[in-house]
Amino acid sequence: EPEVTQTPSHQVTQMGQEVILRCVPISNHLYFYWYRQILGQKVEFLVSFYNNEISEKSEIFDDQFSVERPDGSNFTLKIRSTKLEDSAMYFCASSEVRGANEQFFGPGTRLTVL
Amino acid sequence: GENVEQHPSTLSVQEGDSAVIKCTYSDSASNYFPWYKQELGKGPQLIIDIRSNVGEKKDQRIAVTLNKTAKHFSLHITETQPEDSAVYFCAAKWDSNYQLIWGAGTKLIIKP
C-alpha cells in the first residue's frame, strides 16, 4: 500500500541553525501539507501546497518557514533559524485531490532544538 | 475560527467491551470529520470519516455518528481488542479550505 515517508525520523539541532525536513508524498497525490505537534499539545496545521505554490498557511508559518517541491517526488519544510519552541513532531501529509478531503500522514520527524 | 474539543483524554476499557470517544466542533460550516489512530512511533492513520450529509457510518467494529444540530460527532469501537490501544484523534474541516482542525486526542487503553 502506498505511504508517505519522512526523513529523518529524529533531528537534533542547535538554536539558530537551519533545518530541512523531507517528505515523499504518495506518488499520485497533488496536495501536500505540513503539520506539527508540540509535546502534549494538539496537532496544528502549518501549510498546504499545490501546483508549486502555497495554497493556505497558518499564523505559525511565518517568514522562518518555507516549503519547496524540488523535484517530482520530494516535499521539504525548511526552518531558517530554529528556536527552542520549534521543538515538535512534524508530520507531512498528502491528498489526492482537495475535494477528496482524506489526508494521509507520514510517520513524522521529531525535531529537537537545543 | 474552528475549534474542536475531544473527550475523554484517557479511556480505559476491558477487552471485548465498547469504547466511545466524543468530539464537538464550533463552526457549522465544517462538513468533513475524520478520525485518526496514532500508534506509538507512527503517524496518524485515517480509520474512518464522515461527511455532513450523513448521520452515521460503519466499518466493521468501528462506527462514527454525527449530530449536525448539536455539532458533535462520536467514534464507537465495539468488541475492543488489544490492538485497538492507541491515541485517537478527531478532526474537522470544511471544503473551501485545506487544513484539518484537530481535537486533543484520546489515549485508549484496552485492559486484557
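In the range A:51-65, the qualifying residues are those that are under 19 Å from A:Ile20 (Cα atoms) and part of a strand (DSSP E or B), and the one that is farthest from the other protein chains (Cβ to nearest Cβ) is A:Phe65. Annotation: of all residues in the range B:64-111 being more than 14 Å from B:Pro34 (Cβ to Cβ) and of a type in the set (Gly, Ala, Ser), the one that is nearest to the other protein chains (Cβ to nearest Cβ) is B:Ala104. Tallying residues that are under 19 Å from A:Pro8 (Cα atoms) and among the charged types (D, E, K, R) within the range A:26-79 yields 5. Taking the range B:54-112 as the search range and keeping residues that are at pLDDT below 95 and aromatic (Phe, Trp, Tyr), which one is farthest from the chain's Cα centre (by Cα)? If we take residues in the range B:54-112 being at pLDDT below 95 and aromatic (Phe, Trp, Tyr), then B:Tyr98 is farthest from the chain's Cα centre (by Cα).
Going by what's in this entry, would B:Lys107 be described as assigned to a strand (DSSP E or B) and crowded, with 16+ Cβ neighbours inside 10 Å?
Criteria not met by B:Lys107.
Can you confirm whether the range B:26-34 contains a residue that is modelled with pLDDT of 95 or more and more than 11 Å from every other protein chain (Cβ to nearest Cβ)? There is no residue in the range B:26-34 that is modelled with pLDDT of 95 or more and more than 11 Å from every other protein chain (Cβ to nearest Cβ). Among the residues of the range A:41-50, just one is more than 23 Å from A:Gly16 (Cβ to Cβ) and among the β-branched types (Val, Ile, Thr), namely A:Val43.
Among the residues of the range B:66-84, the ones that are of a type outside the set (A, V, I, L, M, F, W, C) and over 11 Å from B:Ala19 (Cα atoms) come to 7 in all.
Okay, residues lined up against (1) part of a strand (DSSP E or B); (2) free of Cβ contacts under 8 Å to residues at least 12 places away in the same chain; (3) out of contact with any strand residue (DSSP E or B) (no Cβ under 9 Å at 6 or more places or on another chain); (4) among the polar types (S, T, N, Q):
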position: B:Val13; (1), (2), (3), (4): yes, no, no, no
position: B:Ile21; (1), (2), (3), (4): yes, no, no, no
position: B:Trp35; (1), (2), (3), (4): yes, no, no, no
position: B:Gly41; (1), (2), (3), (4): no, yes, yes, no
position: B:Ile48; (1), (2), (3), (4): yes, no, no, no
position: B:Val54; (1), (2), (3), (4): no, no, no, no
position: B:Lys57; (1), (2), (3), (4): yes, yes, no, no
position: B:Val64; (1), (2), (3), (4): yes, no, no, no
position: B:His76; (1), (2), (3), (4): yes, no, no, no
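Name the residue, out of A:Gly72, A:Gly40, that is among the small types (Gly, Ala, Ser) and either facing chain B (nearest Cβ under 10 Å) or within 14 Å of the chain's Cα centre (by Cα) (or both).
The conditions single out A:Gly40.
Among the residues making up the range A:91-114, those that are part of a strand (DSSP E or B) and either within 12 Å of chain B (Cβ to nearest Cβ) or under 16 Å from the mean Cα position of the chain (by Cα) (or both) are A:Phe91, A:Cys92, A:Ala93, A:Ser94, A:Ser95, A:Phe104, A:Phe105, A:Thr109, A:Arg110, A:Leu111, A:Thr112. Every test in (1) within 13 Å of chain A (Cβ to nearest Cβ); (2) of a type in the set (S, T, N, Q); (3) on the phi > 0 side of the Ramachandran plot is passed by B:Gln60 save one, and that test is (1).
With respect to being closer than 13 Å to A:Pro25 by Cβ and within 14 Å of another protein chain (Cβ to nearest Cβ), A:Ala88 falls outside the description. Among the residues of the range B:25-40, at least one is loosely packed, with under 15 Cβ neighbours inside 10 Å and closer than 23 Å to A:Tyr90 by Cα. Please work out if A:Arg36 is loosely packed, with under 15 Cβ neighbours inside 10 Å, among the charged types (D, E, K, R) and in contact (Cβ under 8 Å) with a residue 12 or more places away in the chain. Taking the combined requirement at face value, the residue does not satisfy it.
The values are calculated or read from the model by the stated rules, or taken from the named source; none is laboratory data. Quantities reported herein were computed from a predicted structural model and do not represent experimental measurements. Heads up, the Cβs are rebuilt from the backbone with ideal geometry, glycines too, and the neighbour counts pull from every protein chain shown.
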